[in-house]
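Everything on this sheet refers to the single structure shown next.
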Amino acid sequence: MSLKPWWDYPGRNDPKYDTVPPPERLETTTAEQALDENHLEEYLRAIKNVLSTDLAETTFAQLVDGLPLYSVVSNLAHYELEKNEPAYNHRTLCAGVLEKTRAFHASFEPHKLDIRATVLQRYQSAPVGSRASKLPFIELIAVAIHTTAAHLFKKVDGGLHQNEEYPSDEWYKEVVHRRRKPTPFSLWLYDDPKQYPDGNADVAGYWAEDQIFGGIVLFDRGESGAEMNGLWFHSSRDGFTDHVYALKDEQTASLLSFLKSEPGEVQCPFPIQEHKDSVRRDWQISIPKFNIYRDRWERKSRFRSYWWYDHFQSRCRAFDEDPIRHPEWGHEGDP
């Protein structure tokens, strides 16, 4: 009699923990088609405010260049940059890149950008300036910046560094921790092009989003999976927690104030960083257990049920608790 290995044991599986495949296609439309005049005006102002920041310019310039800067990737958690990868020696932007980036921004028409229709509809359905419009507005801006970065990534097609040479597949296989990145513009946990409708372009979009905002923009989707009960971030920056964390009310207010302001009126809050008292949830179960995500398919599931998570994670119960009430789990230095 042969016994099945533990990973084939089906008795404690939970469908909520299944990895959700990406949609075959996303219905898109433009802001000028989906939004009325007031909503469109607020959207355009916010996009202009984000793209006018030095951080956004530097981030998009790296996409135009075709390689991230060493100073950026060396500050990413779990990036595992190797000395013989091109980004290791990419210390400054190449000549002419900033000018090309500024030309792109000058000609960019955000009202004509193809954006997911559901995101635009959620924002349009709430009156401008209302409490109900705040999180749909932030979602729209995050998705628009992500989509713009993905569009630029495809447009430049490798930029000035499209012919860079990388180590062989055999070299990457020699050591366990080495991994060939699908694109140098990638983040730990958001780097599987097969998981995204736009492949590597979406991988680069998540990278740009993290660089500009300070993390991937997520939401508490509630029991139904369709709600917006709070704003969360998932940062890939070195020195930050690996786990998803809720923004403080004052951080959300600061972000909204900047997005809605006239140029130069409000100080830029980017990158928004975690607070030592931020409520956190373990990234390994934040999607299936806590319904914290922007899209349920944005990351693969690591466990087949909470039972398996509980079985293999000796510290798991700590993340079911509120870190504010349990400070030993809620301050800097947690894994």
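No lab work stands behind these numbers, since they all come straight from the coordinates. Values in this document were obtained by computation on a predicted structure and should not be read as measured data. Counting neighbours? That spans all protein chains shown, and the Cβs are built from the backbone with ideal geometry, glycine included.
A few notes on this one:
- For the range 232-249, putting each phi into the Karplus relation 6.51 cos²θ - 1.76 cosθ + 1.60 with θ = phi - 60° gives couplings of 10, 10, 10, 8, 10, 7, 5, x, 8, 5, 6, 8, 6, 9, 7, 6, 5, 4 Hz, in residue order, rounded to whole numbers and with x for Gly and Pro.
- Estimated at 0.36 nm per residue, the fully extended path between HIS105 and SER52 surpasses their Cα-Cα distance by 18.2 nm.
- Candidates TYR309, TYR166, TYR43, ranked by Gaussian network fluctuation over the chain, Cα under 10 Å, top entry: TYR166
- Taking 19 Å as the limit for the C-alpha separation, the pairs LYS16/LYS134; LYS48/LYS112; LYS134/LYS260 exceed it in the case of LYS16/LYS134.
- Our helix-only sum for the chain, with -39,500 (n - 2.57) per DSSP H run of n ≥ 4 divided by its residues, gives a mean residue ellipticity at 222 nm of -10500 deg cm²/dmol.
- Note on the range 29-149: semi-axes of the ellipsoid equivalent to its C-alpha gyration tensor, largest first and rounded to whole Å, are 33, 16, 11.
- Net charge dipole size for the chain [Lys, Arg +1 and Asp, Glu -1 on Cβ; Debye, nearest 20]: 580 debye
- Between ASP277 and GLU32, the simple label model (points 7 Å from Cα in the Cβ direction) yields a spacing of 4.7 nm.
- Size estimate for the chain follows the Kirkwood approach: the inverse of mean 1/r over distinct Cα pairs works out to 21.2 Å.
- The value of relative contact order for the range 1-120, using C-alpha pairs under 8 Å at least six residues apart, is 40 percent.
- Prolate/oblate/rounded label for the range 86-155 (Cα gyration tensor, a/c 1.5): prolate
- ASP310 paired with ASP238, simple spin-label distance in nm, labels 7 Å along Cα-to-beta-carbon: 3.8 nm
- Cα shape, the range 204-273, gyration tensor, a/c 1.5 rule: oblate
- Förster-model FRET efficiency, 25 Å R0, TRP297 and SER261, C-beta, rounded to 0.05: 0.15
- Working note: Karplus 6.51/-1.76/1.60 with θ = phi - 60° gives the range 202-207 the couplings 5, 4, 5, x, 5, 4 Hz, where Gly and Pro are set to x.
- Listed values for the range 56-68 are Karplus-derived 3J(HN,Hα) couplings in whole Hz (6.51 cos²θ - 1.76 cosθ + 1.60, θ = phi - 60°), namely 5, 4, 5, 5, 5, 5, 5, 5, 5, 5, x, 8, x, and x replaces Gly and Pro.
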